[in-house]
1. State, as an integer percentage, the relative contact order of region 223-404 based on alpha-carbon contacts under 8 Å between residues 6 or more apart.
2. Taking neighbour counts of Cβ atoms within 10 Å as a proxy for exposure, in what order, fewest first, do 469, 283 appear?
3. Could you line up 262, 95 from fewest to most neighbouring Cβ atoms inside 10 Å?
4. Expressed as cubic angstrom per residue, what is the convex hull volume of the alpha carbon set of the chain?
5. What distance in nm separates the two pseudo spin-label positions at residue 38 and residue 154, each 7 Å out from Cα along the beta-carbon direction?
6. Would you mind calculating the relative contact order of region 127-205 from Cα pairs under 8 angstrom and at least 6 residues apart, reporting the percent as a whole number?
7. Treat each spin label as a single point 7 Å out from the Cα along the C-beta direction, and report the residue 192 to residue 300 distance in nm.
8. What does the helix-only formula give at 222 nm for the chain: each DSSP H stretch with n ≥ 4 adding -39500 (n - 2.57), the total divided by the residues, and the result rounded to the nearest 500 deg cm²/dmol?
Amino acid sequence: MRNTIQRFGAAMFVPVLLFPAAGILLGLTVVLLNPHLFPFAIEGSIYVKIVNVFQKASLVLFQNMPMLFALGLPIALAKRASGRAVLAAFISYLTFNYFIGGILDIWSEQLEINYQVGQTGLTQIGGVLTLDTSIVGSIITAAFTVWIHNRYFDLRLPEWVNVFTGTPLIVIICFPLMLILAILTVLIWPPIQNGIQTLQSFILNSGVIGVWLFTFLERILIPTGLHHFIYGPIYFGPIVTDGGTVNYWISHISEFATSTKTLNELFPQGGFMLIGMGKVFGCAGISMAIYATAKPENKKMVSGLLIGATITAILTGITEPIEFTFIFIAPMLFVVHAFLAASMSTIMYMFGISGNFYLGIIDFIFQNWLPLGANHWEVYAIQIAIGLTFTVIYFFVFKFLILRFNLMTPGRSDKNIKLFTKSDYKKNKNQRVNKSKTDSVTIDSVTQQAIAFIEGLGGKGNIKQLTNCATRLRIQVDKPELVQEVDYFQNHGAINVVYQGQSLQIIVGLTVPQVREEMSTLLK
């Protein structure tokens with residue numbers, strides 16, 4: 001059950017990875033429309049009209065989040081033929097909403113639902129007016145569809161109905177399931193919506209306590225993979241604001257950029273989007289502490305790992321490469337990390353910081369500082385000052401704890417902590433491997449790594465399940481005793497390996513989607 005939940009949570013990250021690029025484009029368009037920076041940005045001019053076209057296009061992902069999750073989840077959840085699973089999930093999601101639209105069109109009075117465009121709780125999906133189930137509806141329909149896909153996609157039908165084998169069969173099976181799901185949704189979702197609205201008020205009124213608790217839980221649950229279920233419903237679902245906090249900020253960013261009100265007044269929900277503070281400012285301090293406490297002879301090797309991992313964390317908000325270098329070696333440090341990150345976010349919120357700060361410095365710049373800097377630069381200066389102060393706090397606290405308790409962070413022991421360096425990577429890249437029994441060919445580093453990982457996991461027959469999240473491969477094996485030690489995987493490019501019985505996590509880095517895809521191809 002735990003593996004299933006972790007796998008599902010990791011799948012939610014697939015569509016999320018698309019948002020930073022769209023956010024950069026949106027932030028640039030807001031800046032280009034600022035008349036203080038560009039005097040020729042006059043309302044009604046050709047320049048403004050052209051930029052507005054790009055701005056509308058940059059909103060396509062944020063204003064279609066439910067559809068994005070319906071299409072994105074099957075990519076990670078399908079055990080085979082993921083492209084066909086995406087098609088089936090898309091059809092199921094539309095069928096689900098068309099069923100709801102048809103039911104409401106006929107029985108809206110009996111259900112006491114005001115079935116008109118513009119009414120709260122309703123939205124248009126695929127051209128039909130339906131209940132606004134946000135990402136909840138898309139996740140549930142996608143999950144059902146992928147479950148059916150994984151069970152019956154390879155089912156062989158009799159010759160006379162063989163035309164329905166594969167995706168057509170999945171769609172046929174899902175059709176009545178979507179009807180049942182639509183009926184249940186029509187009956188139970190309106191009361192849930194009322195409950196969510198009450199919950200929104202409660203969370204917003206929780207103030208700094210709510211911000212601290214949310215940030216702490218989001219960080220501390222990272223080792224379990226359950227942190228996706230903490231931030232997902234808030235950032236992309238209706239728990240704090242309709243449509244999610246990310247969509248709300250993006251939809252109102254132009255309005256916020258021209259307002260002189262405080263950020264907390266404009267966007268009180270933004271306190272729950274400050275988890276990027278620990279990623280940007282915290283990870284920098286952690287890296288410096290790990291480097292400072294490493295043995296002199298290991299410092300060069302440690303820096304080879306930490307420089308890339310720290311830059312990744314600061315720029316993109318992907319912290320797992322650096323966090324997983326110590327998370328299972330010294331869990332005490334991770335608890336301290338979660339505490340300091342929550343405290344930093346809370347203090348910043350108290351000083352008026354609010355906005356879309358849940359990833360890295362790229363989003364900080366393009367979705368906050370650049371578009372809103374003209375009217376809010378003072379509070380951003382305070383934000384940077386507090387952040388750098390916490391970088392120093394992180395450094396001294398981590399350094400003290402590592403030395404005081406003699407924690408075996410990377411570089412302090414040579415046992416099972418051989419760190420991946422650029423020289424190791426280049427060495428692997430130049431090797432030649434046998435692609436078949438008859439042909440020996442030079443292959444790229446990703447394929448090389450995939451082959452090595454499969455061999456290290458005990459071969460194809462020993463791998464029961466394979467998936468990934470942002471930086472980790474998640475694997476279930478049949479016989480753990482056939483799996484190689486951590487040194488083997490690190491010699492082939494892994495940052496670290498976490499062993500949990502039949503479950504393993506191989507920390508790879510940002511190339512993990514390519515490695516997983518190559519491994520899946522080889523396993524077929």
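Laboratory data are not the source of any read-out in this text; all were calculated from the coordinates shown. Source: prediction; values computed, not measured. Using ideal geometry, Cβ is built from the backbone for each residue, glycine included, and neighbour counts are taken over all protein chains shown.
1. Relative contact order, region 223-404: 32 percent.
2. Working: 469 25, 283 28.
Lowest count first: 469, 283.
3. 262, 95
4. 184
5. 5.4
6. Relative contact order for region 127-205 comes out at 25 percent.
7. 5.8
8. So the calculated ellipticity at 222 nm is -19000 deg cm²/dmol.
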